[in-house]
Amino acid sequence: MTKEYTNLILETMNDKFQQMLECFSVLDTRIDRFEERLTEKIEIVDAKLMGLSRRVDSVVKNLSAEIVEVRDELRAHRENVELHAIPKKRVLKKVV
């Protein structure tokens, strides 16, 4: 191989490496932009999830209060109903 041919091969390789580096640079930029957009969307989802969590907590709290209220009303109703007020019969013991 001649020196000129070797230099030509080296220049060609250098051009190919430069093209590869440019491609990597473009990909790096695109990945950075994608990461920024993804981060923004994740933050939006996090905010919505926190809002939903607060709403669910509020609903659970309200339902718990209503359940306690219904339980107390049912207990009071059962105490006032005559059938529930009858004393229980004595259980007979088994004779062996």
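Derivation of every value follows stated rules applied to the coordinates shown; laboratory data play no part. Since the model is a prediction, treat every value here as computed from it, not as a measurement. Here Cβ is always computed from backbone atoms with ideal geometry, including for glycine, and neighbour counts include all displayed protein chains.
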Q: Please determine, in degrees from 0 to 90 and to the nearest 10, the orientation of helix 3-80 with respect to the longest principal axis defined by the Cα atoms of the chain, where the helix direction is its Cα long axis.
A: 10 degrees
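Kindly state, as a whole number, the per residue volume in cubic angstrom of the convex hull around the alpha carbon atoms of the chain.
Details: hull volume 18.9 nm³, N = 96.
It is 197 Å³ per residue.
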Q. Label points 7 Å out from Cα along the Cβ direction at Glu11 and Thr29: separation in nm?
A. 2.8 nm
